Structure formats: C-alpha cells, structure tokens
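A short write-up of the structure that comes next.
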Amino acid sequence: MTDPIADYLTRLRNAIKATHRIVEMPASNIKKEITKVLHDKGYIQNYKFDENGPQGIIKIALKYNPSTKQNAIVNLSRVSKPGLRKYVKHEDLPRVINGLGIAILSTSKGVMTDKEARTEGVGGEVLCYVY
C-alpha cells in the first residue's frame, strides 16, 4: 500500500455510504492522531485502539443523526498525496467551507486542525479536508 492515509479515508467513506456503525482498519501512529482529531471535533462518536497482532487495529464508531440517519461527516478529501505533497506556511493555512469544516495538518508540533495551527503559528503538510 503506497498511501495509508488515503486508504484510511476511503474506508471511512465506504463505511459512511454503507451506513455501518463501526469500521475497523489497520493502525499506524498518523492514523491514530487523525482519529483523535476527528473525535475531538465531533465527527466520530468514539474510537478504540486494539494492540493485537503486529500492527494493531483502530475501531471507529461513526456518528449519525438519530432522526435523519445522516452522518456527521459529509465529505472527506485527501489533499497531500505521495506524488504531490502540499505544504503551507502558517499565514497561508486553508479555510474549509469558510471555517465550517476542518483541514487536518501534520506539523512539527503534531497532527492538528487548521485553527489550532493558526493559534500555534505553525504550518505543515495539509493531509485532508473534513466537513
């Protein structure tokens, strides 16, 4: 697999389209950090890291509106790809849907959202957009 983050986002997208409650995927440190950001911002209901096996597994409980059955995540899109990395300075940080969505960045201070990176004053690699 050449792009594990794209695989992570695709598994989430497919689970949302199939209206699954829980999705499982192989774990890595960057995937764990992205999962923590999604949980902190309210896009997923809960998560669990299982350390069984050589790699471990991430179990994510997706969040749905009880009345309309619509998921909290409308769109997940990968920005920086292995063939074309996308780096930004702290003054050029993107705004997703004029601040309604989040951009997840990998910075020197860890994985964070665009708003947190603005307050910290750091730039980095734009991993994905979520709204």
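At a Förster distance of 35 Å, what's the computed FRET efficiency of Ala61 paired with Asp92, Cβ-Cβ distance as r, to 0.05? Working shown, then result.
Numbers: r = 35 Å, r/R0 = 0.99.
It comes to 0.50.
Loop-located GluC sites (Glu not before Pro) in region 1-87 (DSSP state not H, G, I, E or B) with no more than 12 neighbouring Cβ atoms inside 10 Å: Glu51.
Across region 79-85, computed HN-Hα scalar couplings (Karplus, 6.51 cos²θ - 1.76 cosθ + 1.60, θ = phi - 60°) run 9, 8, 10, x, x, 8, 6 Hz from first to last residue, x flagging Gly and Pro.
Averaged per residue, what accessible surface does region 60-123 expose to a 1.4 Å probe, in Å²?
On the way: 3720 Å² over 64 residues.
In whole numbers, region 60-123 has 58 Å² accessible per residue.
Shown in residue order for region 112-119 are the 3J(HN,Hα) couplings computed by the Karplus curve 6.51 cos²θ - 1.76 cosθ + 1.60 at θ = phi - 60°: 8, 7, 5, 5, 5, 5, 5, 5 Hz (x for Gly and Pro).
For region 1-98, what does the relative contact order come out to in percent, with C-alpha contacts under 8 Å and a separation of six or more?
26 percent
Ignoring any ligand, DNA or RNA, what whole percent of the accessible area of the chain comes from carbon and sulfur when the probe is 1.4 angstrom? That share works out to 50 percent.
For the chain, what is the charge dipole size about the Cα centre, in debye to the nearest 20, if Lys and Arg each add +1 at the Cβ and Asp and Glu each add -1 at the Cβ?
Roughly 380 debye for the chain.
With the simple model of a label 7 Å out from the Cα in the direction of the Cβ, Lys81 to Tyr47 spans 2.4 nm.
Could you size up the charge dipole of region 40-90 around its Cα centre, putting +1 on the beta carbon of Lys and Arg and -1 on that of Asp and Glu, and report it in debye to the nearest 20? Before the final figure, lay out each step's value.
Working: 10 positive and 3 negative charges, 75 e Å.
Using Cβ point charges on Lys, Arg, Asp and Glu, region 40-90 gives about 360 debye.
D by Stokes-Einstein for the chain, Kirkwood Rh over Cα pairs, 25 °C, 0.890 mPa s: 161 µm²/s.
The values are calculated or read from the model by the stated rules, or taken from the named source; none is laboratory data. Model, not experiment: these values are computed from the prediction. Glycine gets a Cβ as well: all are built from the backbone with ideal geometry, and neighbour counts include every protein chain shown. Remember, those area values only see protein heavy atoms, side chains included, never the ligands or the DNA or RNA. Shrake-Rupley method; radii C 1.70, N 1.55, O 1.52, S 1.80 Å.
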